[in-house]
Amino acid sequence: MMMASRAATKQSPLFVCIIGTRPEVIKMAPIIRRLREVRWADVRVVAIGQHLELLDQAIADFELQIDHRIAVERQRNSIIEIAAKIMERFDVLADRLSPTCVIAQGDTTTVMASAMVAFHRRLEFIHVEAGLRTGVLRAPFPEEFNRRVVALAATLHCAPTAQAAANLRAEGVREQDCIVTGNTVIDALLYMAGRTLPLPADFPDVPKPILLTAHRRENAGAPLERMLGALRAVVERYPDVGLYFPVHPNPDTQRLAERVMSGHERIRLVPAQNYPTLVAALKASWLVVTDSGGLQEEAPALGKPVLVLRDVTERPEAVDCGAARLVGTLPDRLHHSIAELHDNSQAYQAMAQPRFPYGDGHAADRIVAAIAERIHIRDPSSTISGQVLGAGPVDPTTVSSDENSID
C-alpha cells in the first residue's frame, strides 16, 4: 500500500495527519493514501510516540511516509505526562507548519491531546471514527472520556455508523458537521485480506483455533487472570481447540500470560504481531475472543464470531447484527459461551456469517470528499458520498489469501 503522492501546489491547503498508536496507523492509512492521491492537498504525517515499537511496526506494514516525529519520553509513564508532552510539542510543530486542518482517528491520548491543540489554535479538526459511546465515562478508561473531549474540539465528525452519528446529534453536534462514512478499518482490512498472507508459523494446528487479544486497562490484573484461566480450561476440555494469543507488550500482561497460559502445547503465546500476520490469523480462526475495539469491527466482515470481554461496548452494531456477544469478565460465562458455540453448530453458524455493520471499504473516499466540501474544494477525483450501507460488496473470506524530529 505504497503512499504515492501527487505534487501539491504552493497554494494547496496543508493537512496534518496524526498517528500515535498501531490502530491509528491502520485506520488512518487509507485516508492518508487517498489524500496523497488528490491534486489539492499538501499532506504531512506526524508520528507521535505514544506506542513506539507497535507504531513503527504498523508504519512499515502500510509503507507510510512519515514527515515529522514527536518524541514522548516517559519518566512516570502516566497518561497526564504523555498528554502534556504531546500538547506542548505538537503546539510547537503546528506553529511552524500553520496547517489548514488536523486529522486524527479514534480515542487515544494522542488524539485527545492533538484535538486540544487544534482547538486552542482555532484549526479545523477532522475526527475520524467519531461518535462512539458506551455512556459510561470510565468504561473504557480513558477512551470514553477522550472521545467526549475530542467531540467538543472537532469541526467535522466522521461517524462510522448511523448510531454513532445519532450519539453526536444527541450531544448537540449540528447535522451539517457530521457525516456517516463507514469505518476505515474495513478499507484496510479488505485491502490486507485480499493479499496472499502466510499463516503464522506458530499458529495452532487444530480444527478450532481461537484468536485472543486482551489489553484493556479496566481488565488488568484479577479480571484478566480469571479470563485466561477460563480459556485455558476450555482448551484442556476440548482436544480440537487451540489458542493463539499475541500478548500485549505491557510487562504485567506478559508476566500474567506466562504464569497462567504457558506449558500447554495448544496454547501459543506470541509477541504482538504486525497487521498482515494478525489478519492472516484472523482469517484462519474459528472464534475471536477479545477486548479490542478493532477486532470487534474486523471479525464480522470475515464471518468470525466474536466474544467481547467487556460489560459494555461502544460498538453495539456487531452485537445487534448477531456477529458478537458481550460476555464480560466472569470465567463461568466465558467458558459457557465458548462451549455453546463448540457444541451447538447451529448457534455457531448463526454468528459465523460475513456481516458489514461498519462499512463497505470506501470510508476513506467519503471522508476525503467530505473534507473537500468542507474547505470548498472542487475535486472530480473525490466522488464517493452518501450514507453508509450495511453490507459489503465482497466477502473477503473468499479472496486468496528524511524525517524531521522534535525532541
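The values are calculated or read from the model by the stated rules, or taken from the named source; none is laboratory data. It should be emphasised that the depicted structure is a prediction, and the values quoted were computed from it without experimental measurement. Ideal geometry is used to build each Cβ from the backbone, glycine not excepted, and the neighbour counts take in all protein chains shown. Side chains included, ligands, DNA and RNA excluded: accessible areas come from the protein's heavy atoms. Shrake-Rupley method; radii C 1.70, N 1.55, O 1.52, S 1.80 Å.
If you take the residues of segment 282-303 that are within 12 Å of residue 213 (Cα to Cα) and part of a loop (DSSP other than H, G, I, E, B), which of them is farthest from the chain's Cα centre (by Cα)?
Kept after step one, since they are within 12 Å of residue 213 (Cα to Cα), are these residues of segment 282-303: 282, 287-296.
So of that shortlist, the ones also part of a loop (DSSP other than H, G, I, E, B) come out as 291-292.
Details: 291: 12, 292: 8 Å.
Applying the filter and picking the extreme gives 291.
Kindly provide the set of residues from segment 221-248 that are farther than 16 Å from residue 283 by Cβ and either open to solvent by 60 Å² or more (accessible area, probe 1.4 Å) or among the hydroxyl-bearing types (Ser, Thr, Tyr) (or both), ordered by number. Before the answer, list the steps.
First, pick out the residues of segment 221-248 that are farther than 16 Å from residue 283 by Cβ: 221-241, 243, 245, 247-248.
Matches in segment 221-248: 225, 226, 236, 237, 238, 239.
Among the numbered conditions (1) open to solvent by less than 10 Å² (accessible area, probe 1.4 Å); (2) more than 16 Å from the chain's Cα centre (by Cα), the only one that residue 279 does not meet is (2). Within segment 42-73, the residues that satisfy the criterion of being more than 17 Å from the chain's Cα centre (by Cα), among the aliphatic types (A, V, I, L, M) and either over 13 Å from residue 32 (Cβ atoms) or open to solvent by 40 Å² or more (accessible area, probe 1.4 Å) (or both) are 70, 71, 72.
Could you tell me whether segment 176-192 includes any residue that is surrounded by fewer than 14 Cβ atoms within 10 Å (Cβ to Cβ) and more than 16 Å from the chain's Cα centre (by Cα)? Full working, then the answer.
Taking segment 176-192 as the starting set, the residues that turn out to be surrounded by fewer than 14 Cβ atoms within 10 Å (Cβ to Cβ) are 176.
Next, only the ones that are more than 16 Å from the chain's Cα centre (by Cα) stay: 176.
Yes: one or more hits.
Residues in segment 352-371 that are open to solvent by 10 Å² or more (accessible area, probe 1.4 Å) and under 14 Å from residue 300 (Cβ atoms): 352, 353, 354, 355, 356, 357, 360, 361. Number of residues in segment 346-358 that are of a type outside the set (A, V, I, L, M) and touching a strand residue (DSSP E or B) at 6+ places or on another chain (Cβ under 9 Å) equals 1.
Taking every residue in segment 287-302 that is more than 19 Å from residue 219 (Cβ to Cβ) and among the aliphatic types (A, V, I, L, M) and pairing it with any residue that is in a helix (DSSP H, G or I) and open to solvent by 10 Å² or more (accessible area, probe 1.4 Å), at least 6 positions away or on another chain, the pairs with Cβ-Cβ distances below 9 Å are 301/190; 301/397; 302/283; 302/397.
Whenever a residue of segment 245-267 is more than 24 Å from residue 77 (Cβ to Cβ), its partners that are part of a helix (DSSP H, G or I) and of a type in the set (Lys, Arg), lying with C-beta atoms within less than 8 angstrom and at least six residues away or across chains, give the pairs 260/232; 261/232; 264/232; 267/232. Among the criteria (1) under 22 Å from residue 179 (Cα atoms); (2) open to solvent by 10 Å² or more (accessible area, probe 1.4 Å); (3) more than 21 Å from the chain's Cα centre (by Cα), the one residue 81 does not fulfil is (1).
Among the residues of segment 167-179, is any of a type outside the set (Gly, Ala, Ser), within 21 Å of residue 291 (Cα to Cα) and modelled with pLDDT of 95 or more?
Initially, segment 167-179 is screened for residues of a type outside the set (Gly, Ala, Ser), giving 167-169, 171, 173-179.
Filter again for within 21 Å of residue 291 (Cα to Cα), leaving none.
Looking for residues that are of a type outside the set (Gly, Ala, Ser), within 21 Å of residue 291 (Cα to Cα) and modelled with pLDDT of 95 or more, one finds none in segment 167-179, hence no.
Residue-level check: of (1) within 26 Å of residue 296 (Cβ to Cβ); (2) touching a strand residue (DSSP E or B) at 6+ places or on another chain (Cβ under 6 Å); (3) of a type in the set (A, V, I, L, M), residue 123 misses just (1).
With respect to residue 336, determine if the residue is open to solvent by 40 Å² or more (accessible area, probe 1.4 Å), within 18 Å of the chain's Cα centre (by Cα), farther than 22 Å from residue 140 by Cα and not hydroxyl-bearing (Ser, Thr, Tyr).
Against the criterion (open to solvent by 40 Å² or more (accessible area, probe 1.4 Å), within 18 Å of the chain's Cα centre (by Cα), farther than 22 Å from residue 140 by Cα and not hydroxyl-bearing (Ser, Thr, Tyr)), residue 336 does not qualify.
In segment 195-219, of all residues being of a type outside the set (Asp, Glu) and surrounded by fewer than 16 Cβ atoms within 10 Å (Cβ to Cβ), the one that is farthest from residue 348 (Cα to Cα) corresponds to 217. Note on segment 15-29: among residues that are closer than 15 Å to residue 66 by Cα and open to solvent by 10 Å² or more (accessible area, probe 1.4 Å), the one that is modelled with the highest pLDDT is 26.
In segment 261-276, what count of residues is obtained for those that are in a helix (DSSP H, G or I) and surrounded by 18 or more Cβ atoms within 10 Å (Cβ to Cβ)? If you could, list the steps in order and put the result at the bottom.
From segment 261-276, those in a helix (DSSP H, G or I) are 261, 275-276; that's our starting set.
Of the ones still in play, those that are also surrounded by 18 or more Cβ atoms within 10 Å (Cβ to Cβ) are 261, 275.
Here the count works out to 2.
If you go through segment 310-326 and keep only what is at pLDDT below 95 and of a type in the set (A, V, I, L, M, F, W, C), you end up with just 312. Pairing each residue of segment 135-148 that is farther than 13 Å from residue 106 by Cβ with any residue that is of a type in the set (Lys, Arg) and in a helix (DSSP H, G or I), provided the two are 6+ apart or on different chains, yields C-beta distances under 9 Å for 137/148; 141/217.
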